Amino acid sequence: MSFVSPLFLWYFMPALLLAVLVLPRSWRNGIVAVASLVFYASGAGAFTLLLLACMVVNFFAGTALEPNEWDVRAARRKRLLIGVICFDVGMLVIWKYAGFATQQFAFLARLLGGDFPIVHLALPIGISFFTFHHISYVVDIYRGERRALRNPVSFVTYIAMFPQLVAGPIVRYREIADQLPQQRSHRLDDIAAGFPRFALGLCKKTIIADSLNPMVEACFSTPPDKMTFGVAWLGAVGYTLQLFFDFSGYSDMAIGLGRMLGFRLPENFARPYSSVTVTEFWRRWHMSLSRWFRDYVYISLGGNRKGAARTYRNLCIVFVLTGFWHGANWTFLVWGCYHGALLIIERAFGWDTTPAARWPRLGRRLLTLVLVVFGWVFFKAPDLQQALTMIGHMFLPDFAGLTDVVSAALTNQRLVILLLALLVFALPAHPVTGPLLESSRTRPATTLRIGVMTAGLAYATILVANGTFSPFLYYQF
């Protein structure tokens, strides 16, 4: 089930909101937990059992990981923490990376004249996200930052909460622990605040991201011998916009849904294409992932406390993991290493913290945007050969124009949407549209809210009814 499917929009969501609104406040977590498991099972099927098994292990481990007043069993707790993390990571590695690993062994075996079987496993929906939620849960308890949940319903609500289960934002346990036991007192106010945010995400996804999708696919599927300068840049810029509106649209819908159910989920985007450095870009893009890696990997490795060499090593480790977290493909590893190298260069030359650089702000912003666009080519391309072919043509201007297939995909309607979407590159760094729409009572925010709730929502609903929506891009991760 998808947030942009008629089944969800016209049946599942209204029924859930009605239940949360009219039933006793103390039932909220139970309603959300059951609805979340139904939502997940509708798309994941038998993989729901895998999710339940992981939840059982982490729930019982959490109560044993709490430090006591004197912490007399610190060594045992540490061994248990390591064991649980190995279990969680092991599940992720098996289901997400076993096929990729066996492909590499099979390739080496063929070079040596042998043979090696390739494992083919279906990827469980959202496994990367609920694995990170489990790790956050046990680590925050082990560190004594939050108490373990004794109520299994509350635990299922946190892990399986359907707004963020399959594509984030990644909610650290410490961010939501205090919200799980509370009983809602302003249910209508929550729905009134959350629904415009949900509608904004729906418009981003259906009107912009899905409209750009056919054009982007046509560009990236162009054979190497027909690739041109125009096709390469159109595909790269188009995907840069599509991914932003698709993923930030999902995040807006998730945050809006969470608010309607009485939860405050963390923000995930803050105008990332307005950044003046790649370091700032990562403070604004997929912020919940950046915070997770900072808190549970980067700082655990020592952060920047042990000299420049250790800091650069830690950044390399984080971005290698960030790349592979997105998918079992060499393109994701290259993308992660590319961004890690850019952050190391900025840190080495002091460009990550210097407020007044030699270059004008506009020039630094344009350079950052171009670097990010090049990175998205690796992120989107099916293999390194296609990525390098596109990037090579991006450096070689020609007058060949667009291919017939790309020209056919770039209809007048999509061209208009592309030009309007390009305006996101020119927006200032503040204010961020989502929080502004949700909470601000200024005249511009009210005007935007009315526009989204009337013309935008009506057009998005028509597109959904016509079946012109596509799956969210981050569902595959």
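Would you mind pulling out the separation of the Cα centroids of the stretch 299-377 and the stretch 134-182, in Å?
29 Å
Between L111 and D178, what length comes free when the chain is fully extended (0.36 nm per residue of separation minus the Cα-Cα distance, one decimal in nm)?
Numbers: separation 67, 0.36 × 67 = 24.12 nm, distance 5.57 nm.
Extra length from L111 to D178 when fully extended: 18.5 nm.
Pairs of Cα atoms under 8 Å, at least six residues apart: use those to get the relative contact order of the stretch 3-101, whole percent.
On the way: 25 pairs, mean separation 14.0, N = 99.
14 percent.
Would you work out the charge dipole size for the stretch 6-183 about its Cα centre, treating the Cβ of every Lys and Arg as +1 and the Cβ of every Asp and Glu as -1, and quote it to the nearest 20 debye?
Values: 15 positive and 9 negative charges, 54 e Å.
In debye, rounded to 20, the stretch 6-183 gives about 260.
Tell me, what does the Kirkwood hydrodynamic radius of the chain come to in angstroms if you use every pair of distinct C-alpha atoms? Mind dumping the intermediate values first?
Working: mean 1/r = 0.0418 Å⁻¹.
Across the chain, the inverse of the average 1/r is 23.9 Å.
Calculate, for A101 and S221, the FRET efficiency according to 1/(1 + (r/R0)^6) with r their C-beta to C-beta distance and R0 35 Å; round to the nearest 0.05.
Details: r = 27 Å, r/R0 = 0.78.
Efficiency, rounded to the nearest 0.05: 0.80.
With the crude spin-label approximation of a point 7 Å out along Cα→Cβ, what separation in nm comes out for L396 versus C337?
Once both label points are built, they end up 2.3 nm from each other.
Ignoring ligands, DNA and RNA, please state the percent of accessible area on the stretch 6-183 from carbon and sulfur, probe 1.4 Å. Provide the component values of the computation, followed by the final result.
Working: 5730 of 8350 Å².
Carbon and sulfur together cover 69 percent of it.
Quick one: dipole size for the stretch 342-460, taken about the Cα centre, charges +1 on Lys/Arg Cβ and -1 on Asp/Glu Cβ, in debye to the nearest 20. Mind dumping the intermediate values first?
Numbers: 10 positive and 6 negative charges, 120 e Å.
In total the dipole reaches around 580 debye.
At 1.4 Å probe size, with every protein chain present, just tell me what the per residue accessible area of the chain comes to in Å².
Working: 20990 Å² over 477 residues.
Solvent-accessible surface per residue comes out at 44 Å².
Could you check the simple spin-label distance between I118 and L388, using points 7 Å along Cα→Cβ, in nm with one decimal?
Using points 7 Å along Cα→Cβ, the separation is 2.0 nm.
What number results when the radius of gyration of the stretch 6-183, computed over Cα atoms, is divided by 2.2 N^0.38 Å?
Values: Rg = 19.3 Å, N = 178, 2.2 N^0.38 = 15.8 Å.
Normalised Rg, Cα atoms only: 1.23.
So for the stretch 57-139, taking the charge dipole from beta-carbon charges (+1 Lys/Arg, -1 Asp/Glu), which of V138, T102, S128 sits furthest toward the positive end?
Toward the positive end, the furthest listed residue is T102.
N412 versus C86, label points 7 Å from Cα toward the beta carbon: distance in nm?
Computed distance between label sites N412 and C86 equals 6.5 nm.
Counting other Cβ atoms within 10 Å, which chymotrypsin sites (Phe, Trp or Tyr not before Pro) in the stretch 367-460 have at most 10 and lie in a DSSP loop? Write out the running numbers ahead of the final one.
Values: sites: F374, W376, F378, F379, F395, F399, F425, Y459; in loops: F395, F399.
Qualifying residues, ordered by number: F395, F399.
For the chain, with only Lys/Arg (+1) and Asp/Glu (-1) charged at the beta-carbon, what is the dipole magnitude about the Cα centre, in debye rounded to 20?
Once rounded to the nearest 20, the dipole reads 1400 debye.
Among all helices in the chain defined by DSSP H, which have a length of 20 Å or more along the axis from Cα atoms plus a Kyte-Doolittle mean of at least -0.5? Numbers along the way, then the final one.
Values: long enough: 28-44 (23 Å, 1.13); 47-65 (27 Å, 2.12); 74-111 (49 Å, 0.82); 127-142 (22 Å, 0.97); 187-203 (24 Å, 0.65); 229-260 (46 Å, 0.79); 308-326 (27 Å, 0.66); 330-349 (28 Å, 1.02); 361-380 (28 Å, 1.22).
Qualifying helices, which must be both long enough and hydrophobic enough, are 28-44, 47-65, 74-111, 127-142, 187-203, 229-260, 308-326, 330-349, 361-380.
The values are calculated or read from the model by the stated rules, or taken from the named source; none is laboratory data. No experiment lies behind these values; they were computed from the predicted model shown. So basically every Cβ, Gly included, is an ideal-geometry build from the backbone, and we count neighbours across all protein chains shown. The accessibility values were calculated without ligands, DNA or RNA, using every heavy atom of the protein model including side chains. Shrake-Rupley method; radii C 1.70, N 1.55, O 1.52, S 1.80 Å.
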